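A short reminder: the numbers here are calculations on the coordinates, not readings from a lab. All values reported here derive from a predicted model rather than from experimental measurement. Using ideal geometry, Cβ is built from the backbone for each residue, glycine included, and neighbour counts are taken over all protein chains shown.
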Ligand code: C2E
Ligand code: MG
Ligand code: MG
């Protein structure tokens, strides 16, 4: 209870707001002091209401997966699709993962959400493989958050998801970011080993944006590196970016890792990527993320090799 003049009438309100300011300070970095103001309270309220709405969304099936093509740069063939979650909110319409994944991460809802995503992606791949044949859509790529895999039993649940989908674990690529790995290096390494021994493929997502990129590449049991789209998209702007992409591709290939370039937005990015030896690509030029029903009709852009 706070009066119009901003005076507190109850000690617990002071503590609550002090707590809020403390979280703000922590989020801003180490050793910060932050003075509470009312906008923070609104932020907390919005976050709490999003959290309860998201919980309901998971329970009532408001989440949907869209799928974005990943293609082979030489042949133009579809090699897989990345599952990207969307929330069809009854009033707000489509909500992007950038908005609710952080809330899911902080609240622990990422566990049921992530389980649903993995289960649904495996189920859908099974349906595609049975109806279209095994080669039309060879793999599905699923994003994992840090919190998801430090929780006990993740590997068992992942194994169950592929079983129930009737697919092979080698057709599932699990994407994790460097920052997720860095949160608990030992736990992440252990888990990635387990997942690989079950047959899953492991990809490092958004490569180049973390703080320990090089260490990640040789220390972690990986199969695939995805070059962050900020490097790829900017290749048309300057040679510095091309040099960076070149170095990443060379490094990855020397370590026997496959390379996917993210953020291929225009045709002019294709020849330099081919020239640099990048094998796979993803981005709006090849296709936007689309609902499952549109994936079977996917056609890669014509004349890829002459792009
Ligand atoms: P991400 O895993 O790096 O996924 C690629 C993001 O880049 C997607 O955004 C995709 O729509 C977008 N994108 C693809 N091609 C292009 C392009 O050519 N240009 C540009 N500007 N963007 C492109 P989206 O769907 O908004 O997802 C954002 C992030 O949210 C993902 O980044 C991923 O980190 C996270 N995310 C999405 N779905 C899930 C999920 O099921 N679980 C978890 N834990 N995270 C997810
Ligand atoms: Mg990804
Ligand atoms: Mg990415």
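Can you figure out the FRET efficiency of residue 45 with residue 151, using R₀ = 30 Å and their beta-carbon distance, to the nearest 0.05? Please list the in-between numbers first.
On the way: r = 28 Å, r/R0 = 0.92.
The formula returns an efficiency of 0.60 here.
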Cα gyration tensor, segment 155-238 - rounded (a/c under 1.5), prolate or oblate: oblate
Relative to the present Cα-Cα distance, how much length would full extension add between residue 185 and residue 75 at 0.36 nm per residue of separation? 35.9 nm
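For the chain, what is Rg from Cα atoms divided by 2.2 N^0.38 Å, rounded to two decimals? Walk me through the numbers before you get to the answer.
Details: Rg = 21.6 Å, N = 307, 2.2 N^0.38 = 19.4 Å.
With N residues counted in the chain, Rg over 2.2 N^0.38 Å equals 1.12.
Sorted by mean Cβ packing within 10 Å, highest first, what order do the peptides 65-75, 42-52, 208-218 take?
Details: 65-75: 20.2, 42-52: 13.0, 208-218: 15.2.
Per-residue mean Cβ counts within 10 Å order the peptides as 65-75, 208-218, 42-52.
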Computed over the chain: longest principal axis from alpha-carbon atoms vs helix 154-165 long axis, angle to nearest 10 degrees, is 50
Taking 23-30, 3-10 and ranking on average Cβ neighbours within 10 Å, highest first, one gets 23-30, 3-10
Using the Cα atoms as the points, what is the convex hull volume per residue of segment 24-178 in Å³? 152
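For segment 152-307, just say rounded, prolate or oblate: build the C-alpha gyration tensor, square-root its eigenvalues into a ≥ b ≥ c, call rounded for a/c under 1.5, and beyond that prolate if a/b exceeds b/c, oblate if not.
Since a/c reaches 1.5 but b/c is at least a/b, the shape of segment 152-307 is classed as oblate.
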Return the ratio Rg/(2.2 N^0.38 Å) for segment 92-217, where Rg is computed over Cα atoms only. 1.08
Using only the C-alpha atoms of segment 1-90, find the volume of their convex hull and express it per residue in Å³. 176
In degrees rounded to 10, the 0-90 angle between helix 185-197 Cα long axis and the longest Cα principal axis of the chain is 40
Given R₀ = 35 Å, FRET efficiency for residue 59-residue 250 by Cβ-Cβ distance, to 0.05? 0.15
For the chain, take the longest principal axis of its alpha carbons; what is the angle in degrees between that and the long axis of helix 38-60, to the nearest 10 within 0 to 90? 50
Given q = 0.13, 0.18 Å⁻¹, what are the Debye log10 I(q)/I(0) values for segment 205-287, with equal point scatterers placed on the Cα positions and solvent ignored? -0.35, -0.67
Mean-position separation - Cα centroids, segment 150-206 and segment 214-281, in angstrom: 22
